[in-house]
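Since the structure comes first, as structure tokens, the remarks are kept for the end.
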Amino acid sequence: MVEILKQAVFVDLSSLDAMSSEHGVQVHHGSLLERLSQNRRLVRAVAYGTLDDDRPDAQSRLSQISDGGFKIVSKPLRRRADGVLRASLNVNIAVDALELAPHIELLTLVTADTDFIPLVEAMQRSAVRVELVTTQKLASSGLLQSADAVIDSSGLFDEVRRAMNRPRNRIRERDDARPRVQRSRQRPSGRRYGREPTSAGVDQTDDVNEGSMPTGSAEKTVEPVTSGTEHDLQPKQEGAGGQHPLKDPAVGSRSEVLRDKEAKDLPRPVIALPEENLSGRAVSARRDTE
């Protein structure tokens with residue numbers, strides 16, 4: 001038959017913070033109390049801490065520890081004559097433990113303070129076993145040797161560490177999600193007048209906007225072409241031999257229009273009808289009135 005001991009758990013919060021920082025973890029106080037009181041009859045659980053006015057979350061932190069099942073005993077920090085802020089709760093822990101000694105069989109003390117060696121010895125004289133939760137890096141050898149049992153905080157904190165906030169996973173796009181519109185870079189208005197490299201023997205002209213002419217360019221004059229194209233408007237020179245440049249179709253059409261206009265301005269021709277005897281009178285020639 002397993003013996004169930006009546007237990008009290010006292011936590012020195014200043015030492016607990018130092019040990020958790022040394023291990024790089026945050027302790028969940030409710031899980032810590034549940035782990036330490038497993039298979040035991042818990043009589044009292046008290047957490048001793050200080051109130052720092054410079055920390056706005058000090059009060060909320062103590063309230064969170066209280067929600068984990070601990071009774072909170074706190075003191076505000078006070079400035080000593082040497083200018084150091086300090087609030088000692090060692091006396092409170094010792095007095096409460098000695099008063100509770102007749103009602104418990106096991107005291108679980110979470111601390112790394114060497115000043116508690118006299119308290120450990122006093123509780124043992126009162127037939128109370130002392131279980132110490134500490135780390136060898138912070139606790140002295142005298143404190144470790146004085147306790148009836150020692151629990152290494154490194155392994156314990158791995159079991160009761162507080163879950164850290166994990167980064168949120170990126171929201172995956174659904175298959176039916178609207179595709180993202182990829183903005184294209186706005187091209188400057190108009191085309192540039194840069195000349196692309198040309199191959200040997202090939203003449204290329206620049207790209208020019210409508211109604212605009214590149215800066216620095218001059219109007220080109222039409223030089224006479226002797227090869228004979230439809231755009232050759234040069235008149236035939238005397239003594240040019242057999243060169244017969246073609247006329248521009250536009251020039252020919254204009255001359256035809258002028259001829260038609262001049263023809264309309266001329267008087268209409270007189271139509272001569274044969275003389276006939278109509279009612280005994282001769283009909284003379286008349287102008288066509290149609």
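A few notes on this one:
- Check on residue 126, out of contact with any helix residue (DSSP H, G or I) (no Cβ under 8 Å at 6 or more places or on another chain) and either farther than 23 Å from residue 161 by Cβ or surrounded by fewer than 19 Cβ atoms within 10 Å (Cβ to Cβ) (or both): no
- Of all residues making up segment 59-89, the number that are more than 18 Å from residue 34 (Cβ to Cβ), in contact (Cβ under 8 Å) with a residue 24 or more places away in the chain and among the polar types (S, T, N, Q): 1
- Residue match in segment 90-112 (condition: assigned to a loop (DSSP other than H, G, I, E, B) and free of Cβ contacts under 8 Å to residues at least 60 places away in the same chain): no
- Residue that is surrounded by the fewest Cβ atoms within 10 Å (Cβ to Cβ), among those in segment 6-19 that are of a type outside the set (A, V, I, L, M) and touching a residue at least 12 places away in the same chain (Cβ under 8 Å): 6
- Restricting segment 132-151 to residues that are touching a residue at least 12 places away in the same chain (Cβ under 8 Å) and hydroxyl-bearing (Ser, Thr, Tyr), the residue that is farthest from residue 20 (Cα to Cα): 146
- Candidates are the residues of segment 113-157 that are among the acidic types (Asp, Glu) and in a helix (DSSP H, G or I); the one that is modelled with the lowest pLDDT is 115.
- Where helices (runs of 4 or more DSSP H) fall entirely within segment 1-67, those with at least 1 residues that are under 37 Å from the mean Cα position of the chain (by Cα), among the polar types (S, T, N, Q) and more than 22 Å from residue 112 (Cβ to Cβ) are at 58-67.
- Single condition residue 91 does not satisfy, out of (1) modelled with pLDDT under 85; (2) loosely packed, with under 13 Cβ neighbours inside 10 Å: (1)
- If the condition is being surrounded by fewer than 17 Cβ atoms within 10 Å (Cβ to Cβ), in a loop (DSSP other than H, G, I, E, B) and within 47 Å of the chain's Cα centre (by Cα), then segment 69-82 contributes 69, 77.
- Exactly one residue out of 22, 3 is surrounded by fewer than 17 Cβ atoms within 10 Å (Cβ to Cβ), modelled with pLDDT under 90 and under 22 Å from residue 102 (Cα atoms), and it is 3.
The values are calculated or read from the model by the stated rules, or taken from the named source; none is laboratory data. What you are looking at is a predicted structure, and each value in this text was computed from that prediction instead of being measured. A quick note on method: Cβ atoms are made from the backbone with ideal geometry, for glycine too, and the neighbour counts reach across all protein chains shown.
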